[in-house]
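Beneath this line is the structure, given in C-alpha cells, with notes to follow.
The values are calculated or read from the model by the stated rules, or taken from the named source; none is laboratory data. Since this is a predicted model, take the numbers as computed values, not measurements. Please note: Cβ atoms are built from the backbone with ideal geometry, for glycine as well, and neighbour counts cover all protein chains shown.
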C-alpha cells in the first residue's frame with residue numbers, strides 16, 4: 001500500500017551531528033559555541049533539497065540544555081538557527097532549553113517537540129521520520145510514532161534501541177527515506 005500523497009509528512013532532524021558538525025569532547029557530541037563556529041556537514045544541503053522536493057516538511061528538533069545550565073544564551077542558539085535557516089531549506093526550528101532535572105515534556109527522549117510540530121502542521125507521524133545521532137533522538141521519534149534513522153558516529157555513550165535504519169550521514173538517511181516513498185514508512189521496516 002503506497003503513502004497517500006494528500007497526507008503531510010515530515011522529517012524531524014536533530015541539529016548538532018545531523019545538520020552541522022558536533023564538537024566531540026571525551027567521546028560525546030557538544031554544540032558549537034556560536035554561529036560562526038557552525039560547519040554544515042557535507043551532503044546536508046543536497047539531502048534536504050531532495051527531501052523537500054519529495055514533499056517532506058523539514059523540522060529541526062533539538063535539545064539545547066546549555067541555556068538552562070547558563071553556559072549558552074538563548075539568543076546565541078537562535079542566532080545559530082537563523083544562520084542555518086538562511087543556508088538550508090528548513091521549515092521550522094523547535095528547541096528545548098531545559099535540562100534533565102526540569103522534567104519538561106519537550107526534552108528528548110520525550111516526544112513533546114515532535115508532537116507539537118505534528119499538531120501545528122497537520123503531520124501524519126506514521127508517515128514521518130526522526131533522524132538523529134544520539135539515543136535520545138531515536139527514542140523520541142519512536143515514542144512519537146515515527147520511523148527512526150540513527151546516524152552512527154561511534155560516540156562513547158549509550159546506543160539507541162532498535163532504530164529502523166543505521167547510516168553514516170544525512171545523505172544516506174535521505175536515501176533510505178526516499179527509497180520508501182512507494183511504501184508506508186512503517187510497512188517497509
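Just a few scattered comments:
- Single residue of segment 56-83 satisfying the filter (part of a loop (DSSP other than H, G, I, E, B) and in contact (Cβ under 8 Å) with a residue 12 or more places away in the chain) that is surrounded by the most Cβ atoms within 10 Å (Cβ to Cβ): 64
- Residue within segment 84-100 that is at pLDDT below 95, surrounded by 17 or more Cβ atoms within 10 Å (Cβ to Cβ) and within 16 Å of the chain's Cα centre (by Cα) present: no
- On inspection, residue 142 qualifies as part of a helix (DSSP H, G or I), within 26 Å of residue 168 (Cβ to Cβ) and within 14 Å of the chain's Cα centre (by Cα).
- Of all residues in segment 119-135, those that are surrounded by fewer than 19 Cβ atoms within 10 Å (Cβ to Cβ) and under 20 Å from residue 167 (Cα atoms) total 1.
- Of all the criteria given as (1) buried (at least 16 other Cβ atoms within 10 Å of the Cβ); (2) more than 15 Å from the chain's Cα centre (by Cα), the one not satisfied by residue 42 is (1).
- Residue count for segment 19-30, restricted to those that are more than 14 Å from the chain's Cα centre (by Cα) and either assigned to a strand (DSSP E or B) or closer than 15 Å to residue 82 by Cα (or both): 6.
- Flag for residue 41 being closer than 25 Å to residue 156 by Cβ and modelled with pLDDT of 95 or more: yes
- Any hit, segment 119-133, residues being modelled with pLDDT of 95 or more, out of contact with any strand residue (DSSP E or B) (no Cβ under 6 Å at 6 or more places or on another chain) and under 26 Å from residue 38 (Cα atoms): yes
- Looking across segment 163-179, the residues that are in a loop (DSSP other than H, G, I, E, B), surrounded by fewer than 24 Cβ atoms within 10 Å (Cβ to Cβ) and touching a residue at least 24 places away in the same chain (Cβ under 8 Å) come down to 164, 169.
- Residue-level check: of (1) buried (at least 16 other Cβ atoms within 10 Å of the Cβ); (2) under 20 Å from residue 124 (Cα atoms), residue 53 misses just (1).
- The number of residues in segment 101-118 that are part of a helix (DSSP H, G or I) and at pLDDT 95 or above comes to 7.
- Some residue of segment 93-100 being out of contact with any helix residue (DSSP H, G or I) (no Cβ under 7 Å at 6 or more places or on another chain) and touching a residue at least 12 places away in the same chain (Cβ under 8 Å): yes
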